[in-house]
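The values are calculated or read from the model by the stated rules, or taken from the named source; none is laboratory data. Remember, it's a predicted structure, so these values are computed and weren't measured experimentally. Backbone-built Cβ (ideal geometry, glycine too); neighbour counts: all protein chains shown. Just so you know, the surface numbers come from the protein's heavy atoms only, side chains and all, with ligands and any DNA or RNA stripped out. Shrake-Rupley method; radii C 1.70, N 1.55, O 1.52, S 1.80 Å.
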Protein chains: 2
Amino acid sequence: MSESIRYCETHTIPYFLCDRQQTLQLSMLVNYMIKVSSEQTAQIAKPLQDDYFKDQPYSWIILQYEFEIERLPRRNETVTFETYAQEYNRLFCYRTFHVYDEEGNCIVNTVATFGIMDLKKRKLIRVPKAIVEPYKAPFSSRIRRVVPPQDVTLSQALKKQYSVRYFDIDQNQHVNNSVYLTWMMDTLPSEFLVAHQVKSGVIKFEKEVSESSQVISYGQVVSDSEQMNTYHRVMCQEAISARATFTWQKRY
Amino acid sequence: MSESIRYCETHTIPYFLCDRQQTLQLSMLVNYMIKVSSEQTAQIAKPLQDDYFKDQPYSWIILQYEFEIERLPRRNETVTFETYAQEYNRLFCYRTFHVYDEEGNCIVNTVATFGIMDLKKRKLIRVPKAIVEPYKAPFSSRIRRVVPPQDVTLSQALKKQYSVRYFDIDQNQHVNNSVYLTWMMDTLPSEFLVAHQVKSGVIKFEKEVSESSQVISYGQVVSDSEQMNTYHRVMCQEAISARATFTWQKRY
């Protein structure tokens with residue numbers, strides 16, 4: 001079995017990417033993840049992929065992130081982001097991300113699901129072996145089973161409207177992945193955000209949002225004696241753009 | 001005459017702080033500036049200032065930025081941010097920031113005006129010599145003369161409304177300085193932002209914006225054969241929060 005190629009970058013977290021508790025914002029964690037995976041691609045696979053995609057209406061898209069968070073990096077903390085392609089099947093590529101503190105403890109563990117979309121037909125194409133070969137991840141026919149995000153009960157949900165901003169748009173002309181997390185978190189009450197931190201979660205992207213759109217972000221806090229969860233849905237023009245569930249714990 | 005103490009930090013600009021043209025967003029330039037000036041204070045003046053402020057309703061506030069921009073740092077470019085206290089007078093402290101590229105060219109030159117506010121009386125206090133002594137900047141009775149931002153003609157201005165977001169608030173419980181620049185830029189047409197870059201500007205902060213507020217950002221493009229300017233005003237509850245003028249040039 002092949003050994004996936006690992007890629008690492010070390011960064012010191014500036015204060016302006018942190019929340020009021022001085023820990024990295026979840027949206028900025030996602031930005032660092034996209035950064036390290038893009039850099040790995042730039043190093044080992046870019047000419048090959050550019051060549052393959054150049055006459056085709058194909059594009060990499062991110063379908064889902066799963067988060068397991070022991071703790072988020074703190075302001076001015078130096079951490080190492082590691083990533084590697086984990087395995088792929090007919091339609092999906094799974095990529096792992098770890099964040100390590102200076103003592104080598106893994107503090108964040110995430111898995112991203114990527115696919116390649118035919119932008120004309122609006123459907124996923126079969127992952128071409130040649131495109132992913134440089135990452136040295138194994139093919140496996142297994143489809144990863146993940147509990148999907150729980151849907152919000154709209155009548156009980158908090159609700160905020162957002163206009164897509166100029167700086168929300170990335171090079172694909174769509175809203176960058178990380179922005180959905182800002183919309184989802186911002187819809188929750190600030191007293192809740194001040195007192196809690198994310199422990200785990202899953203976000204599923206269903207439909208891109210384009211420039212000049214309006215979205216509505218719904219969020220719902222659901223807790224019992226054992227667990228505190230939030231459910232999220234982002235809607236754009238009557239369609240679901242993204243859904244997510246997060247599990248929280250009290251901050252110490 | 002004393003020699004101001006200089007402080008430098010070198011950073012590589014991640015893609016997610018850049019705009020669609022792959023250059024650092026102006027709001028993120030401001031974030032880096034606040035970062036380096038805070039770090040200098042942490043290194044040479046923090047215990048002294050904490051002690052002085054601890055029983056007083058005093059706080060540093062930023063009153064104005066003046067920008068001169070040869071070009072903004074690019075994605076993945078490594079640049080050095082330099083700062084030093086330039087001089088101070090009875091009410092104002094002037095701080096200089098430079099950004100240098102790897103060849104040592106100064107590509108950005110800015111001056112920030114700081115003051116110390118009595119938060120109860122809502123007015124500036126006289127700058128205490130002891131507080132600024134560690135920076136070794138000279139006292140000078142000169143007040144810096146700057147052409148103030150040109151006001152917008154509301155009837156001709158573009159207009160967008162923004163709700164303050166959870167992550168917009170900084171440790172003083174007010175909207176962070178950099179967010180005003182996002183609001184101002186986002187109000188301009190995207191075709192304009194794609195085709196132009198900021199050459200110079202001045203932003204004046206007049207009144208803080210607090211959590212859960214709504215603001216309206218007005219922006220106006222005014223050009224003649226010689227110059228292209230934009231005028232900006234951010235209003236919150238009928239009061240002016242900030243005003244700015246920027247001069248632009250076509251992107252190459």
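Being of a type in the set (Val, Ile, Thr), under 24 Å from A:Pro134 (Cβ atoms) and either away from chain B (no Cβ under 14 Å) or open to solvent by 20 Å² or more (accessible area, probe 1.4 Å) (or both) is the requirement here; does A:Ile69 meet it? Steps first, please.
Values: of a type in the set (Val, Ile, Thr): yes; under 24 Å from A:Pro134 (Cβ atoms): no; either away from chain B (no Cβ under 14 Å) or open to solvent by 20 Å² or more (accessible area, probe 1.4 Å) (or both): yes.
In short, no.
Provide a single number: the residues in the range A:102-126 that are more than 20 Å from the chain's Cα centre (by Cα) and open to solvent by less than 20 Å² (accessible area, probe 1.4 Å).
Result for the range A:102-126: 1.
Could you give me the residue pairs with C-beta distances under 9 Å whose first residue belongs to the range A:94-122 and is on the phi > 0 side of the Ramachandran plot, whose second residue is aromatic (Phe, Trp, Tyr) and part of a strand (DSSP E or B) wherever it lies, and which are 6+ apart or on separate chains?
none
Does any residue of the range B:54-74 turn out to be of a type in the set (S, T, N, Q) and touching a helix residue (DSSP H, G or I) at 6+ places or on another chain (Cβ under 6 Å)?
Filtering the range B:54-74 down to residues of a type in the set (S, T, N, Q) leaves B:56, B:59, B:64.
Adding the requirement that they be touching a helix residue (DSSP H, G or I) at 6+ places or on another chain (Cβ under 6 Å) leaves none.
Checked the range B:54-74: no residue is of a type in the set (S, T, N, Q) and touching a helix residue (DSSP H, G or I) at 6+ places or on another chain (Cβ under 6 Å).
Quick one: which of B:Ile169, B:Ile116 is farther than 30 Å from B:Asp19 by Cα and of a type in the set (Val, Ile, Thr)? Steps first, please.
Details: B:Ile169 fails: farther than 30 Å from B:Asp19 by Cα.
Exactly one residue qualifies, and that residue is B:Ile116.
Could you count how many residues in the range B:102-117 are assigned to a strand (DSSP E or B) and under 19 Å from B:Leu29 (Cβ atoms)? Spell out how you get there, then give the answer.
So in the range B:102-117, the residues assigned to a strand (DSSP E or B) come out as B:106-117.
From what's left, under 19 Å from B:Leu29 (Cβ atoms): B:106-114.
Of the residues in that region, 9 qualify.
In this structure, does B:Ile61 turn out to be open to solvent by less than 10 Å² (accessible area, probe 1.4 Å) and either under 20 Å from the mean Cα position of the chain (by Cα) or within 25 Å of B:Ile203 (Cβ to Cβ) (or both)?
Against the criterion (open to solvent by less than 10 Å² (accessible area, probe 1.4 Å) and either under 20 Å from the mean Cα position of the chain (by Cα) or within 25 Å of B:Ile203 (Cβ to Cβ) (or both)), B:Ile61 does not qualify.
Looking at B:Glu9, B:Glu68, B:Glu39 in this structure, which one is among the acidic types (Asp, Glu), in a strand (DSSP E or B) and touching an Asp or Glu at 6+ places or on another chain (Cβ under 8 Å)? Write out each step before concluding.
Working: B:Glu68 fails: touching an Asp or Glu at 6+ places or on another chain (Cβ under 8 Å); B:Glu39 fails: in a strand (DSSP E or B).
None of the other options fit; the residue is B:Glu9.
If we keep just the residues of the range A:174-186 that are more than 9 Å from every other protein chain (Cβ to nearest Cβ) and not in a helix (DSSP H, G or I), which is surrounded by the most Cβ atoms within 10 Å (Cβ to Cβ)?
A:Val175
Which of the residues spanning the range A:88-101 are open to solvent by 30 Å² or more (accessible area, probe 1.4 Å) and assigned to a strand (DSSP E or B)?
Filtering the range A:88-101 for residues open to solvent by 30 Å² or more (accessible area, probe 1.4 Å) gives A:90-92, A:100.
Within the range A:88-101, just A:Tyr100 meets the criteria.
For the range A:72-87, which positions are in a strand (DSSP E or B) and either touching a Lys or Arg at 6+ places or on another chain (Cβ under 9 Å) or surrounded by fewer than 19 Cβ atoms within 10 Å (Cβ to Cβ) (or both)?
Looking only at the range A:72-87, we keep the residues that are in a strand (DSSP E or B), and these are A:74, A:78-87.
Across the range A:72-87, the qualifying residues are A:Arg74, A:Thr78, A:Thr80, A:Phe81, A:Glu82, A:Thr83, A:Tyr84, A:Ala85, A:Gln86, A:Glu87.
Please tell me if A:Phe167 is more than 14 Å from chain B (Cβ to nearest Cβ) and not β-branched (Val, Ile, Thr).
It is false that A:Phe167 is more than 14 Å from chain B (Cβ to nearest Cβ) and not β-branched (Val, Ile, Thr).
Looking at (1) open to solvent by less than 50 Å² (accessible area, probe 1.4 Å); (2) farther than 13 Å from A:Thr245 by Cα; (3) in contact (Cβ under 8 Å) with a residue 12 or more places away in the chain; (4) within 13 Å of chain B (Cβ to nearest Cβ), find the lone condition where A:Val209 falls short.
With respect to (1) open to solvent by less than 50 Å² (accessible area, probe 1.4 Å); (2) farther than 13 Å from A:Thr245 by Cα; (3) in contact (Cβ under 8 Å) with a residue 12 or more places away in the chain; (4) within 13 Å of chain B (Cβ to nearest Cβ), A:Val209 is out only on (4).
Sort out which residues of the range B:140-173 are open to solvent by less than 70 Å² (accessible area, probe 1.4 Å), of a type in the set (A, V, I, L, M, F, W, C) and touching a residue at least 40 places away in the same chain (Cβ under 8 Å), and write them in order of number. Even if it seems obvious, please write down each step before you answer.
Here is the first cut: in the range B:140-173, the ones open to solvent by less than 70 Å² (accessible area, probe 1.4 Å) are B:140, B:146, B:149, B:151-153, B:157, B:162-170.
Now restrict to residues that are of a type in the set (A, V, I, L, M, F, W, C): B:146, B:152, B:157, B:164, B:167, B:169.
Once the filter is applied, which keeps residues that are open to solvent by less than 70 Å² (accessible area, probe 1.4 Å), of a type in the set (A, V, I, L, M, F, W, C) and touching a residue at least 40 places away in the same chain (Cβ under 8 Å), the range B:140-173 yields B:Val146, B:Val152, B:Ala157, B:Val164, B:Ile169.
Can you confirm whether the range B:153-163 contains a residue that is under 22 Å from the mean Cα position of the chain (by Cα) and in a loop (DSSP other than H, G, I, E, B)? Steps first, please.
Of the residues in the range B:153-163, the ones under 22 Å from the mean Cα position of the chain (by Cα) are B:159-163.
Subset that is in a loop (DSSP other than H, G, I, E, B): none.
Scanning the range B:153-163, I find no residue that is under 22 Å from the mean Cα position of the chain (by Cα) and in a loop (DSSP other than H, G, I, E, B), so the answer is no.
I'm trying to understand the selection: among the residues of the range A:41-57, which are of a type in the set (D, E, K, R) and either within 14 Å of chain B (Cβ to nearest Cβ) or open to solvent by 80 Å² or more (accessible area, probe 1.4 Å) (or both)?
Narrowing the range A:41-57 to residues of a type in the set (D, E, K, R): A:46, A:50-51, A:54-55.
Listed by number, the residues that qualify are A:Lys46, A:Asp51, A:Lys54, A:Asp55.
Of the residues B:Gln197, B:Gln214, B:Gln237, only one is under 18 Å from the mean Cα position of the chain (by Cα) and surrounded by fewer than 20 Cβ atoms within 10 Å (Cβ to Cβ); which? Outline the logic, then answer.
On the way: B:Gln214 fails: under 18 Å from the mean Cα position of the chain (by Cα); B:Gln237 fails: under 18 Å from the mean Cα position of the chain (by Cα).
Of the residues listed, the single one that is under 18 Å from the mean Cα position of the chain (by Cα) and surrounded by fewer than 20 Cβ atoms within 10 Å (Cβ to Cβ) is B:Gln197.
I'd like to check something: does the range B:15-28 contain any residue that is of a type in the set (Lys, Arg), within 14 Å of chain A (Cβ to nearest Cβ), more than 21 Å from B:Gln171 (Cβ to Cβ) and open to solvent by 10 Å² or more (accessible area, probe 1.4 Å)? Talk me through it step by step, then tell me what you get.
Residues of the range B:15-28 of a type in the set (Lys, Arg): B:20.
After this cut, where a residue has to be within 14 Å of chain A (Cβ to nearest Cβ) as well, the list is B:20.
Still in the running and more than 21 Å from B:Gln171 (Cβ to Cβ): B:20.
After this cut, where a residue has to be open to solvent by 10 Å² or more (accessible area, probe 1.4 Å) as well, the list is B:20.
Yes, the range B:15-28 contains a residue that is of a type in the set (Lys, Arg), within 14 Å of chain A (Cβ to nearest Cβ), more than 21 Å from B:Gln171 (Cβ to Cβ) and open to solvent by 10 Å² or more (accessible area, probe 1.4 Å).
Within 14 Å of another protein chain (Cβ to nearest Cβ) and open to solvent by less than 30 Å² (accessible area, probe 1.4 Å), is that true of A:Ser38?
Values: within 14 Å of another protein chain (Cβ to nearest Cβ): yes; open to solvent by less than 30 Å² (accessible area, probe 1.4 Å): no.
Answer is no for this residue.
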